[in-house]
Structure formats: C-alpha cells, structure tokens
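Q: Once you've had a glance at the structure underneath, I'll fire off some questions.
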Amino acid sequence: MHLIEEYPHSMSQIPLFETTPHWTVTELTRYLRQVLESDSSLQDVWVQGEISNFSRPSSGHLYFTLKDAGSSLRCVVWKTDASRLRLTLQDGMAIEAHGAISVYEVGGQYQLYVNLIKPVGEGALYQEFLRLKALLDAEGLFDPSRKRPLPELPRRIGIITSPTGAALRDMLNTLRRRLPLAEVFIAPSPVQGDEAPARLVVALEILNSKIKPDVILIARGGGSIEDLWAFNDERVVRAVAVSKTPVISGVGHETDFTLTDFAADLRAPTPTAAAELATAITIEDLKYAIGQLQMNLTESIHSSLESRRVDLGNADLQLKQFSPIRRLQSDRQRVDEWGHLVETAIRHKLDLSLLRVQALDQRLVALSPLEVLKRGYAVVKRSKDARLVDSVKKVKRGDELQVRVSDGSFNVNVSGKADG
Amino acid sequence: MAKQKPVADFSFEEASSELEAIVATLENEQKSLEDSMALFERGQALIKRCSGLLEKAELKVKQLTDNGISDFQDG
C-alpha cells in the first residue's frame, strides 16, 4: 500500500479491489526501475555513509553497503569505475559516494551504482579551496601579468620539498641529466601536515633572502587532496606570489591543481616536469652552441685572413712595380757588367806586364856576362883577393890570376906587362 | 674589468658571452690583422674553457640546514 501512496498517478487506473493480478513481479520491478531512473535527481547523487560488507569478487566489481545510524544502502562499483578510484575501500571507512540510483531486478533491490568515491571531508576541503581561490583571484594574485619570465639558463636552482621524498630524487636526476652546470640548493621542508605551510613559507623566505637563486622549484609527489593541502594554504600561496625569485610549482600529478600552482610563475604537472621546465636549455644544447661558435670563429678568422691574403697579393704586385728592388736588380746587373769590364781591363794589364817582364828578362839575359864570355871574352880576377882585373896597373909580374871563360876557369901567372 | 680575470677562472656564462661577442666582432667589423688574430686567440681560449666546463660539469647539490649550508648526499 505504501507504493500506491507514493505513486498515485501510475496506480490510479487499477481497481483497488481487483482480485486478478495485473502485474508480474518482473513487470513491477522493471516499472519501479524506470520510475527511479527517470528521476534526474536520483541519477546524480552524493551520499555519505560508512562502508560495511565490502566485497571484491574476481569479476573486479566492488560491492558494499553504505550505512549510517538510521539506514543502509546497497552499493555497486563496476570494474571500470573501480579501477579509477584513488583510495582503497575497506569496511568502516567513511566516504562520500557519487552515482545513480537504480534497481537490481533479480534481487528486487534498489541500489546505488557508484562511479566516484571521496573520503569524507574532501567535499568541505574543496569548498574551502574554491572560497580561497576566489578570494585570492579577486586580489589579483593569480593575474597572468604577475607571471615573470623564467631564466633561460639558471645558474642556481632552489628546491623546496621534502628531503626524503621521491620528488626530490626525480628532480635531482632530471637536473643532473639536463643541466649539470647548475648548482642546486635544497631548502628542506615537510610537504604535508600541520607544520608544512609555515615551514614552506620559511623555506621560500630563506632561499629568496640568502641564496637568491635564479629559479625556485616548489614540489611534492602525488597524494590525496588532504596530502596536498599545505599547497592550498593561504600563507604558502601568498609567499609564492610575492617571491622575488620566479617559482615553478610541481605538486602532485597531472590532474592535481593547487592554489600554489595558480600563484606560481609556471605550473608543472609533476616534480620531474618542474625540473625540465626550469632547464629549457640543456647541456646538449650548450655543447652544440659552443660547437657552432667554434665553427663561426674559425670561419670568420679564415675569411678575414683570406681577404687579407688577396689584398696583400694585390699590394705586392703594385709594390713590386715601384719597388727599389727593381732598380736594385738593374743596378746589380750594371755592377756585374762593370765588374766584368774591370776584370777584363785588369787581366789585360796583367798580360801586358807579363810581356814586358819577359822582354826585360831577355834583355837581362843579353846583358849577362856569361853571354859575353860565349863570344870569346874572359873575366880575369886576382886569385889572392878575387878582384876584377880591368887594368894592367892592377897586376905585376908573378901574380896568380884566375881566368873565367864560358865553360869554366883556369889559373895563370903573370910573366910580363905591356901598356894598351 | 672582466678581461683582467684569467679565462681559466671564467664561469660558463662569462666565457660564452664574451665568445659570442668576439665572434660577432670578427664577423661584422673590420679589424686590423693583429687585432683579429688577438681576438681569434682569445676566442680559442674561451672555447677551451667552455668545453672544459661542459665536459666536467657535475651537478652541485647543497642543502640548507639550521647551521648554514652543507653538501647534500643523495642515493
């Protein structure tokens, strides 16, 4: 009778006291299903409750009952939706489930066909997220005109993250691979929990005031919205917005957005991507660029030298035409010619002298006393003192004389004298 | 004057920016042979410095602590 009260229009044509049944169970169940499915408000519902009777058969679909203090609701999660759930369900867990109400005809049970599940409280956090986002947005904190350009080639890179997280390891590996020229300064900070927002703010302040890096990466690995909540904290968002150094955020996964992302100069989908975006130019690019500069340098000096060589060649030709060397060369030839003349003259003179010497020699020979002797004359000397006897007065009777003729000499004694 | 600093002490940025300027000068300006050769030789020294820095580059990682800055050891 409850049904009749609920759906008076549908039932109105059925006589109340009819004894022959007009509906089969199946027909009625199907009808109820259609009724529920045609109510759009039942096809898009969030229901909050606690999980019980959780089961996960080999089909991969999930079954559980959602209950609160007063009632319970059968729930199904189809395998495809189950694979997208971010959290592991278990009995006793308080959740908010989203889905559509329908009827499982075989069991005659209405149930919730769940496609999304969030832990309880997430909805409230999301509301807070939207409220704060609207507030800061109205202040202009997320204004695109506030975004600063990132350095092309950062020398110093500040990193704010947990010193023990995988995010840090991923970022360091990426930086090591892409730009090992850089210097990294890690400002360690918890990235979740009550302490995190204040520590993140301090880390930003210290990097900005003490290290003054070229860019700051603020990052955290993936997690639930509560895990990432520190990055939605107003203090952190404001500190990122006023940072003197450009900030790249890399918080969570691709699909996670935090207010820090909106305030940052650049939002990276992951920590690794943040490290990549911070190093737009890699060491391979630099090696290539230096290689190019080397080529340009060599080419420019070669072409400069070559053009000078050509100039020099031309100048050399011109120079040679007016060159003193040319005159020098002709002078040298003249000197050679003169030299030849001089030499000839000297030689001629020498020849003449020689002839004269020969003539003199012959005359000397002709004057030689030996030649005279050959003609029958004799040279007479006194034997005692070898004095030439050229007068009778130089001899007296008995003197021994030496007589030289052409082929020898002999001695004689003076036996008498007579004047010429 | 940056020129007074030995090239061996130049950072990559210092060396590469001067190198770029030298190449631009050689390509665009008419310099005396002597100046050109001097620029070329300086360029060669700068290239050597840049290449050396790139070959030897190793990421330096430091960590800020309560007591200051220390080297960061990661696995």
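Q: Anything in the range A:30-89 that is in contact with a His (Cβ under 7 Å, 6 or more places away or on another chain) and either part of a loop (DSSP other than H, G, I, E, B) or at pLDDT below 90 (or both)? List them, or say none.
A: A:TRP78, A:ALA82
Q: Next question. What's the number of the condition A:ASP227 fails, among (1) farther than 18 Å from A:ALA275 by Cβ; (2) of a type in the set (D, E, K, R); (3) at pLDDT 95 or above?
A: Of the numbered conditions (1) farther than 18 Å from A:ALA275 by Cβ; (2) of a type in the set (D, E, K, R); (3) at pLDDT 95 or above, the odd one out for A:ASP227 is (3).
Q: Using beta carbons and a limit of 7 Å, which pairs, at least six apart or on different chains, have the first residue in the range B:4-22 and on the phi < 0 side of the Ramachandran plot and assigned to a loop (DSSP other than H, G, I, E, B) and the second one among the charged types (D, E, K, R) and modelled with pLDDT of 90 or more?
A: Every condition considered, the pairs that remain are B:PHE10/B:ARG49.
Q: For A:THR174, are the conditions met, namely being at pLDDT 95 or above, buried (at least 17 other Cβ atoms within 10 Å of the Cβ) and either more than 14 Å from chain B (Cβ to nearest Cβ) or under 27 Å from A:LEU125 (Cβ atoms) (or both)? Give the derivation first.
A: Details: at pLDDT 95 or above: yes; buried (at least 17 other Cβ atoms within 10 Å of the Cβ): yes; either more than 14 Å from chain B (Cβ to nearest Cβ) or under 27 Å from A:LEU125 (Cβ atoms) (or both): no.
No; evaluated as a whole, the condition is false for this residue.
Q: Ok, one more. Within the set of pairs 6+ apart or on separate chains, which have a first residue in the range A:83-108 that is in contact (Cβ under 8 Å) with a residue 40 or more places away in the chain and exposed (fewer than 13 other Cβ atoms within 10 Å of the Cβ), a second that is in a strand (DSSP E or B) and among the polar types (S, T, N, Q), and C-beta atoms under 8 Å apart?
A: Sorted first by the residue in the range A:83-108, then by its partner, the pairs are A:ASP91/A:SER52; A:ASP91/A:ASN53; A:GLY92/A:SER52.
Q: Can you find a residue in the range A:276-283 that is more than 30 Å from A:ALA230 (Cα to Cα) and either part of a helix (DSSP H, G or I) or among the hydroxyl-bearing types (Ser, Thr, Tyr) (or both)? Let's see the steps before the verdict.
A: Residues of the range A:276-283 more than 30 Å from A:ALA230 (Cα to Cα): A:281-283.
Now narrow it down to the ones that are either part of a helix (DSSP H, G or I) or among the hydroxyl-bearing types (Ser, Thr, Tyr) (or both): A:282-283.
Yes, because at least one residue in the range A:276-283 is more than 30 Å from A:ALA230 (Cα to Cα) and either part of a helix (DSSP H, G or I) or among the hydroxyl-bearing types (Ser, Thr, Tyr) (or both).
Each row is one residue, and each column tells you yes or no for (1) more than 7 Å from chain A (Cβ to nearest Cβ); (2) surrounded by fewer than 16 Cβ atoms within 10 Å (Cβ to Cβ); (3) farther than 30 Å from A:ALA182 by Cα.
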site: B:LYS5; (1), (2), (3): yes, yes, no
site: B:ASP9; (1), (2), (3): yes, yes, no
site: B:PHE12; (1), (2), (3): no, no, no
site: B:ALA15; (1), (2), (3): yes, no, no
site: B:LEU33; (1), (2), (3): no, yes, yes
site: B:LEU39; (1), (2), (3): yes, no, no
site: B:LEU46; (1), (2), (3): yes, no, no
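Q: Within the range A:141-159, restricting attention to residues that are surrounded by fewer than 17 Cβ atoms within 10 Å (Cβ to Cβ) and of a type outside the set (Gly, Ala, Ser), which residue is nearest to the other protein chains (Cβ to nearest Cβ)?
A: Taking the range A:141-159 first, the residues surrounded by fewer than 17 Cβ atoms within 10 Å (Cβ to Cβ) are A:143-149, A:152, A:155.
Then keep just the ones that are of a type outside the set (Gly, Ala, Ser); that gives A:143-144, A:146-149, A:152, A:155.
Numbers: A:ASP143: 30, A:PRO144: 29, A:ARG146: 26, A:LYS147: 24, A:ARG148: 20, A:PRO149: 17, A:GLU152: 10, A:ARG155: 7 Å.
So, considering only residues that are surrounded by fewer than 17 Cβ atoms within 10 Å (Cβ to Cβ) and of a type outside the set (Gly, Ala, Ser), the one nearest to the other protein chains (Cβ to nearest Cβ) is A:ARG155.
Q: Being assigned to a loop (DSSP other than H, G, I, E, B) and under 21 Å from the mean Cα position of the chain (by Cα) is the filter here, so list the residues in the range A:129-186 that pass it. Reasoning before the result, please.
A: Kept after step one, since they are assigned to a loop (DSSP other than H, G, I, E, B), are these residues of the range A:129-186: A:140-143, A:147-155, A:162-165, A:179-182.
The answer is A:PRO149, A:LEU150, A:PRO151, A:GLU152, A:LEU153, A:PRO154, A:ARG155, A:LEU179, A:PRO180, A:LEU181, A:ALA182.
Yes or no, residue by residue, for (1) farther than 28 Å from A:GLU128 by Cα; (2) of a type in the set (S, T, N, Q):
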position: A:ASN208; (1), (2): yes, yes
position: A:SER224; (1), (2): no, yes
position: A:VAL240; (1), (2): no, no
position: A:PRO246; (1), (2): no, no
position: A:THR255; (1), (2): no, yes
position: A:ASP265; (1), (2): no, no
position: A:PRO271; (1), (2): no, no
position: A:ALA274; (1), (2): no, no
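Q: If you go through the range B:50-75, how many residues are in a helix (DSSP H, G or I) and either at pLDDT below 90 or more than 10 Å from chain A (Cβ to nearest Cβ) (or both)? Explain how you work it out, then say what you get.
A: Applying the first criterion (in a helix (DSSP H, G or I)) to the range B:50-75 yields B:50-56.
If we keep only those that are either at pLDDT below 90 or more than 10 Å from chain A (Cβ to nearest Cβ) (or both) too, we end up with B:52.
Of the residues in that region, 1 qualify.
Q: From the list A:ALA167, A:ALA182, which one is within 14 Å of chain B (Cβ to nearest Cβ), touching a residue at least 40 places away in the same chain (Cβ under 8 Å), touching a Gly at 6+ places or on another chain (Cβ under 7 Å) and surrounded by 15 or more Cβ atoms within 10 Å (Cβ to Cβ)? Give the derivation first.
A: Values: A:ALA182 fails: touching a Gly at 6+ places or on another chain (Cβ under 7 Å).
Exactly one of A:ALA167, A:ALA182 is within 14 Å of chain B (Cβ to nearest Cβ), touching a residue at least 40 places away in the same chain (Cβ under 8 Å), touching a Gly at 6+ places or on another chain (Cβ under 7 Å) and surrounded by 15 or more Cβ atoms within 10 Å (Cβ to Cβ), namely A:ALA167.
The values are calculated or read from the model by the stated rules, or taken from the named source; none is laboratory data. Since the model is a prediction, treat every value here as computed from it, not as a measurement. Here Cβ is always computed from backbone atoms with ideal geometry, including for glycine, and neighbour counts include all displayed protein chains.
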